[in-house]
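Working notes, beginning with the structure itself.
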Amino acid sequence: MTTEHVEVLIIGAGLSGIGAGYQLEKQLPGTTYAILESREQLGGTWDLFRYPGVRSDSDMHTLGYRFRPWTKDRAIADGGSILSYIQDTARDGGVDKNIRYSHRAVSAAWTSEDARWDVEIDTPSGRITMSCSYLFSCSGYYDYDKGYSPEFPGLADFGGTVVHPQHWPQDLDYAGKRVVVIGSGATAVTLVPALTDQAAHVTMLQRSPTWIAALPGEDPVAKALQKVMPKRAAMSVTRWKNIGMFVANYQLSRRRPKAMKALLRKGLQQQKLSEAQIDEHFTPRYDPWDQRLCVVPDGDLFRAIHAGTAEVVTDTIDTFTPTGIRLGSGRELEADVVVTATGLQLKLFGGLALTVDGEPVDLPHTLGYKAVMVSGVPNFFFGLGYTNASWTLKMDLTYEFLLRVIKRMRANGETAVVPRRQPGITERPLLDFKAGYVLRSMDAFPKQGDRSPWQLKQNYLTDLYPLRYGSLDDGVLEFSGAKAPAGV
Ligand SMILES: Cc1cc2nc3c(=O)[nH]c(=O)nc-3n(C[C@H](O)[C@H](O)[C@H](O)COP(=O)(O)OP(=O)(O)OC[C@H]3O[C@@H](n4cnc5c(N)ncnc54)[C@H](O)[C@@H]3O)c2cc1C
């Protein structure tokens, strides 16, 4: 049986996979590649999530690709606009013709002798195999099939409707209904003000508070710059401004958490929340950026609270009842609809089972190399964006790194590259993040090390040089397969 072979096989046609295809088209024209997509559409996250108000929580100047600046006015954009941006990039870059929809990659086996990955793929007409020289996982970081829902006591007795934001029923009628949103993360703070447009009342029920900052939905600096320079240039400058702000904000949070807490509190006071409201509902027990900071554009959540159409309740769930939820405090929340905005279930590499020369890859015993490759796994790259800044900032650097490696290997006639683990590295969890959904899954992920190039810096400025320019002969990457010069 002949197997279709491509040089680069990308898994996932979301923001990351489409960017990868675009860069191959532009920077390495003529490269054979395909994108496997298990769903019937491209866009990943921005196609899957359809709950009311779905939007970015970082600015589009950095969530957009470096090679295709975001030019719309909204810095915090709605899900539909982001999906269109990804679709336009796929069409304009000629990437769409290389997407294989309804193709789910299930396993990948590397054979050193052939310097090749054989990838098993489930398709509507059965399982097929494709082979490739380079495998690039752009499968995101969570399970598409199901979100995370804890077991709630008494849930079976509840007479209303329960929905998870990952599977929002498009025909859900919440007009005039009492809605309780369980959760306090990015999804909950997005949903609550959005639902107030039709619901009779919306309650955000949180076990504990989250750090929240109100930001302008449109960037005033970007707008001012556009008056004095061409739009694309203005957007590029805005991107750098935002990168600087992310890094400064994160570093301040890590080094001077008290100062950052004071700044965030000041922001909440400017939203006209009372001191008691801030203490009870908006002052978390953890330091800023121990978990992702939530952004609310133009303070929409706070406006809904002031208008009386939304309320935040900080309490535990004792049990669901036929008509709502009884809380630990004894209070009863009446509800017609309950939204469990309780998070994602993490899943790495789209659940792909990897083997190298017949040996299964035991991911928890591997180390991430610059968080783009995995120790001991040849010609395998992965896309994992920043958790403390826009995802795409890291992806842009990942593309550059992959292209540099391929160019070098072509030039030298090399066929395999593998990061070799060095002795004496202290292991740490890959993501230094204390959010529940991360802590629940980190055991299954590769680790990071305590030093470069094994450390995950989560900092665009310090990642920029090693990924864009750093020597590939760093004593860690091992290249092989170079043909001997003629006559030797
Ligand atoms: C609601 C929500 C809002 C977010 N907002 C932001 C934000 O504002 N800023 C930010 O930086 N990040 C945000 N994120 C993180 C977000 O996921 C990334 O920004 C970005 O969309 C990730 O793109 P991706 O292509 O890497 O992954 P995804 O968008 O998850 O796409 C992965 C694709 O891979 C496919 N796939 C998975 N496994 C397989 C397989 N085995 N075979 C074939 N195909 C497979 C999936 O079907 C999917 O299409 C948000 C996430 C969510 C859930």
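Bear in mind that the values in this text are calculations on the coordinates, not laboratory data. Just so it is clear, the model here is predicted, and its values are computed rather than measured. Cβ: placed from backbone, ideal geometry, glycine included. Neighbour counts: every protein chain shown.
Values computed for the structure shown
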{"quantity": "Residues HIS365, HIS103 arranged by fewest to most Cβ contacts within 10 Å", "calculated": "HIS365, HIS103"}
{"quantity": "Furthest towards positive pole of dipole, ALA109, CYS138, ALA194, structure part the range 109-234, Cβ charges", "calculated": "ALA194"}
{"quantity": "Summed residue charge, Cβ within 9 Å of ALA194's Cβ, Lys/Arg positive, Asp/Glu negative", "calculated": "-1"}
{"quantity": "Backbone N under 19 Å from the GLN270 label point (7 Å along Cα→Cβ), restricted to the range 198-237", "calculated": "211-225"}
{"quantity": "Taking the convex hull of Cα positions in the range 161-342, its mean projected area over all directions (nm²)", "calculated": "12.3"}
{"quantity": "Residue order, fewest to most beta carbons within 10 Å, for VAL476, VAL181", "calculated": "VAL476, VAL181"}
{"quantity": "J(HN,Hα) series, the range 393-403, from Karplus relation 6.51 cos²θ - 1.76 cosθ + 1.60, nearest Hz, glycine and proline x", "calculated": "4, 6, 4, 4, 6, 5, 4, 4, 5, 4, 5"}
{"quantity": "Filter on LYS26/LYS146; LYS26/LYS394; LYS241/LYS394; LYS146/LYS394; LYS261/LYS457 - keep pairs with C-alpha separation over 24 Å", "calculated": "LYS26/LYS146; LYS146/LYS394"}
{"quantity": "Rounded to whole Hz, the Karplus (6.51, -1.76, 1.60) HN-Hα couplings of the range 364-381, x for glycine and proline", "calculated": "x, 9, 10, 10, x, 9, 6, 6, 10, 9, 10, 4, x, 10, x, 6, 10, 10"}
{"quantity": "Gyration tensor (alpha-carbon) shape descriptor, the range 370-413, a/c threshold 1.5", "calculated": "oblate"}
{"quantity": "The range 401-488, relative contact order [Cα under 8 Å, separation at least 6], %", "calculated": "44"}
{"quantity": "Counted charge near GLY160, where neighbours are those whose Cβ lies closer than 10 Å (Asp, Glu -1; Lys, Arg +1)", "calculated": "0"}
{"quantity": "Whole-Hz ³J(HN,Hα) from phi, Karplus 6.51 cos²θ - 1.76 cosθ + 1.60, for the range 418-426, glycine and proline x", "calculated": "9, x, 9, 4, 8, x, x, 8, 7"}
{"quantity": "Residue-averaged 222 nm ellipticity for the chain, from DSSP H runs of 4+ at -39500 (n - 2.57), nearest 500", "calculated": "-9000 deg cm²/dmol"}
{"quantity": "Counting DSSP beta bridges with both ends in the chain, the antiparallel % (nearest 5)", "calculated": "45"}
{"quantity": "Ranked list, fewest to most other Cβ atoms within 10 Å of each Cβ, for ILE99, ILE11, ILE425", "calculated": "ILE425, ILE99, ILE11"}
{"quantity": "Relative intensity, log₁₀ I(q)/I(0), of the range 124-245 from a Debye sum that treats every alpha carbon as a point, q = 0.09, 0.10, 0.11, 0.15 Å⁻¹", "calculated": "-0.53, -0.63, -0.73, -0.97"}
{"quantity": "Span from the the range 266-291 Cα centroid across to the the range 158-193 one, whole angstrom", "calculated": "24"}
{"quantity": "Net charge of neighbours whose Cβ lies under 12 Å from the Cβ of GLU40, counting Lys and Arg as +1 and Asp and Glu as -1", "calculated": "+1"}
{"quantity": "Between the range 83-154 and the range 350-367, the alpha-carbon center distance in angstrom", "calculated": "16"}
{"quantity": "Net dipole in debye of the chain [+1 Lys, Arg Cβ; -1 Asp, Glu Cβ; about Cα centre; nearest 20]", "calculated": "1820"}
{"quantity": "Estimated translational D of the chain in µm²/s (Stokes, Kirkwood radius over Cα pairs; 10 °C; 1.306 mPa s)", "calculated": "66"}
{"quantity": "Amide H within-cut-off set for VAL181, under 5 Å, with H built and near neighbours excluded", "calculated": "THR203, MET204, LEU205, VAL339"}
